[in-house]
Amino acid sequence: MTVEMTGKEVANKLIDEMERDLADLSTKNITPHLAIVRVGDDPGSVAYENGLKKRFREIGLRVDSYTYATDIEETEFLTEFDKINENDDIHGVLVLRPLADHLDTNKVSERINPLKDVDGMSPTNLGKIMLNDEDGLISATPAGVMKLLDFYDVELEGQDVVIIGHSEVVGKPLSILLLNKNATVAVTHIYSKHTKEMASQADILITATGAAGLVTADYVKEGAIVIDVGISRIKGKIYGDVEYEEVAEKAGQITPVPGGVGAVTTSMLASNVIKATKLLQEK
Ligand code: NAD
């Protein structure tokens, strides 16, 4: 029988862990404070930001938005960004990507204080993943996928994992996190020639493309674990990368969309803000 791996219980466990830290920080009169930096009004980013604010305030975190017009000049944007980055009252900085085309994301990644880098975008935090150094801050989505796999006791050592999608935010860091657990990892993407053949041999298939319905039953080995990170909004409805009904019949365990990885990501990000607050205290 197929087991549905829902994210809610994983998120609840994270929230329980956070409550202890929040209580501890509150004895020192500290409320973790996140700054969300956004350029422009991309509807997806605005919806994500509003959802985050609501959830974070429920958890007991402070969150403020710093929003800039799409035509802001790069020097002005970086000056504003530096002020946020250097503000001692702010413990975490989340930069919503993509920024505007004329703004170089790498310049921001290189400037962000690694101790406040709650989306793990800085070279320091990305490097710490390579070094298997758990002190670093890891982007909430790959960190959330690892939490979900751990919660459902998924064995990783020696398992064949295929990740579809090689972005800086999801696929690349996730591939290293899985290698750190001694999985055998292959990453495919839009230019790969044999995605379906490779996917169909995987013990664990993770897809993060945004191509709704890409993963059909013929991409999946009988009994495999299927993790769907993809989110596509089509005519107001949310779809994952996986054709859920037909794949669920074949998979051993599978995450739904919505209610799977996405349900863990927000809590994982909140957990990163608390971790950043503690890292700054220890500094
Ligand atoms: P991205 O656009 O940066 O990267 C997409 C990746 O998928 C690329 O590697 C691309 O080559 C690959 N790809 C696209 N179409 C493909 C196809 N037809 N076949 C094979 N590979 C293909 O996107 P991203 O930021 O990594 O996000 C990926 C998806 O995950 C999106 O749907 C996004 O909304 C979703 N996402 C979900 C969460 C969450 O919390 N669940 C968080 C972040 C992103």
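The values are calculated or read from the model by the stated rules, or taken from the named source; none is laboratory data. All values derive from a computational prediction rather than experimental measurement. Neighbour counts run over all protein chains shown; Cβ positions are idealised from the backbone, glycine included. Accessible surface is based on the protein model in full, side chains and every heavy atom, while ligands, DNA and RNA are left aside. Shrake-Rupley method; radii C 1.70, N 1.55, O 1.52, S 1.80 Å.
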Given the chain, longest segment not containing exposed loop chymotrypsin sites (Phe, Trp or Tyr not before Pro) (DSSP; at most 16 other Cβ within 10 Å): 1-151
Per residue accessible area of segment 1-151, 1.4 Å probe, in Å²: 51
Relative contact order computed over segment 122-244 (Cα-Cα under 8 Å; 6+ residues apart), in percent: 20
Cα gyration tensor shape of segment 140-263, rounded if a/c is under 1.5, else prolate or oblate by comparing a/b with b/c: rounded
Mean Cα-pair separation over length for segment 31-173, i.e. relative contact order, pairs under 8 Å, 6 or more apart, %: 21
Whole-angstrom Cα spans of the chain along principal axes, big to small: 52, 43, 38
Beta bridges per DSSP with both ends in the chain, % antiparallel, nearest 5: 10
Label-point separation, E86 to Q281 (7 Å along Cα→Cβ), nm: 2.6
Local net charge near S200, Cβ-Cβ under 12 Å (Lys/Arg +1, Asp/Glu -1): -2
Theoretical ellipticity at 222 nm over the chain - DSSP helices of four or more residues, -39500 (n - 2.57) apiece, nearest 500: -13500 deg cm²/dmol
In Å², nearest 10: area of K172 left accessible to a 1.4 Å probe: 90
Angle in degrees between helix 261-282 and the longest Cα principal axis of the chain, rounded to the nearest 10: 40
Angle in degrees between helix 74-86 and the longest Cα principal axis of the chain, rounded to the nearest 10: 80
Carbon and sulfur %, accessible surface of the chain computed with the full protein complex present, 1.4 Å: 49
Angle in degrees between helix 43-59 and the longest Cα principal axis of the chain, rounded to the nearest 10: 70
When segment 18-156 is reduced to its Cα atoms, the Kirkwood hydrodynamic radius in Å: 16.4
Centroid-to-centroid separation of segment 18-68 and segment 127-163 [C-alpha atoms, Å]: 24
Relative contact order (percent, whole number), the chain, Cα cutoff 8 Å, 6+ residue spacing: 23
Two-site label geometry, R111 and I234: point separation in nm, points 7 Å out along Cα→Cβ: 3.9
Dipole magnitude of the chain about its Cα centre (Cβ charges: Lys, Arg +1; Asp, Glu -1), debye to nearest 20: 340
Rounded FRET efficiency, nearest 0.05, which uses the C-beta distance separating T27 from I190 and R0 of 51 Å: 0.55
